[in-house]
Amino acid sequence: MLMTLIQKEMMHHILSVRFVALLLMCLLLVPLTLSINHRNYRQNLVDYQEAVKLANIEETTVNLKMPLEPDLEVSKLILKPTPLSVFANGLADALPSYLGITRNGITQGPPALVSASLSYLLGHLDFLFIVGTVFSLLALLFTFDAVAGEREAGTLRITLANSLPRDIFLWSKLIGGYLVFVIPFLISLLFGLLVLVWQGFPLGEPDIFPRVLMLTFASLLYIAVFFAIGTVISTYLDNSKTALIVAFTVWVFAVLITPRVGFLAAKIIAPTRTSQSVYMEKKPCETILMLNLKSKK
């Protein structure tokens, strides 16, 4: 009975317009985004190699026996781009491009967002954004009328008039819609990974392949959570339009508002000190130490 209901639910989704939109999203967004981000990673890797060569040349020209200026950078530690930035850029653009060693301490190079501030403001189109924002919304659009739509059409009363447990009915709704959603997603991800391997991405390395598998598993679990949320909303509401509004409101709070509120709450509960305040505290201590050394001499 469960398999029959799952097949019925899968056919219902496959014949809908939402499935066509899902196919277009999967086939266009996932492989294209992975390919573009891989090209950006290769360009960043070339820039990193050129920066390392330039830093080595500058270090060899510095004569350590001569008195150095306080702000002269004797050595540099340049940030190397990570291959997993193809899937999620994260805070790579906000980190300093390098760390320089001087007599006064450690200096930081300008971050990448200085030259790409508009791109950082609008956000990056990567695999993390596609799963966290686009596919979470599509998951709710797949399930907002799972039960409410049948209640409006009158088919729910006919279905439950038979000896059908309600938990099996709900599981069929959840499993059938989830399989229809996940299979195109996995196929597009596999196609995107094949494109990456064709472009030279080191997917088979032992420190990359397990992380990609964990990322895929976390994405499937994330989508399943939103499928369950949409099914629960559709179960407790009688009108599909009301269920759509409630589902969209839940998505806005869960995806757009809650992360930012959590960040603000963390700053209020456990505020971090700024680098300027730490520097102002270190400056008097360095001055006192220098005076003590001069007095001993």
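Some notes on this structure:
- Qualifying residue in the range 21-39 (condition: open to solvent by less than 80 Å² (accessible area, probe 1.4 Å) and without any contact (Cβ under 8 Å) to a residue 24 or more places away in the chain): no
- Test: Leu164 is outside any helix (DSSP H, G or I), among the hydrophobic types (A, V, I, L, M, F, W, C), modelled with pLDDT under 90 and closer than 30 Å to Tyr236 by Cβ: yes
- Summed over the range 209-262, residues that are at pLDDT below 90 and of a type in the set (Lys, Arg) total 2.
- Residue ranges of helices (runs of 4 or more DSSP H) in the range 179-270 with at least 2 members surrounded by 13 or more Cβ atoms within 10 Å (Cβ to Cβ) and in contact (Cβ under 8 Å) with a residue 24 or more places away in the chain: 209-236, 240-251
The values are calculated or read from the model by the stated rules, or taken from the named source; none is laboratory data. Here the structure is a predicted model, which is why all the values come from computation and not from measurement. As a convention, Cβ positions derive from the backbone with ideal geometry for all residues, glycine included, and neighbour counts pool all protein chains shown. Side chains are part of the model used for accessible areas, which takes the heavy atoms of the whole protein and leaves out ligands, DNA and RNA. Shrake-Rupley method; radii C 1.70, N 1.55, O 1.52, S 1.80 Å.
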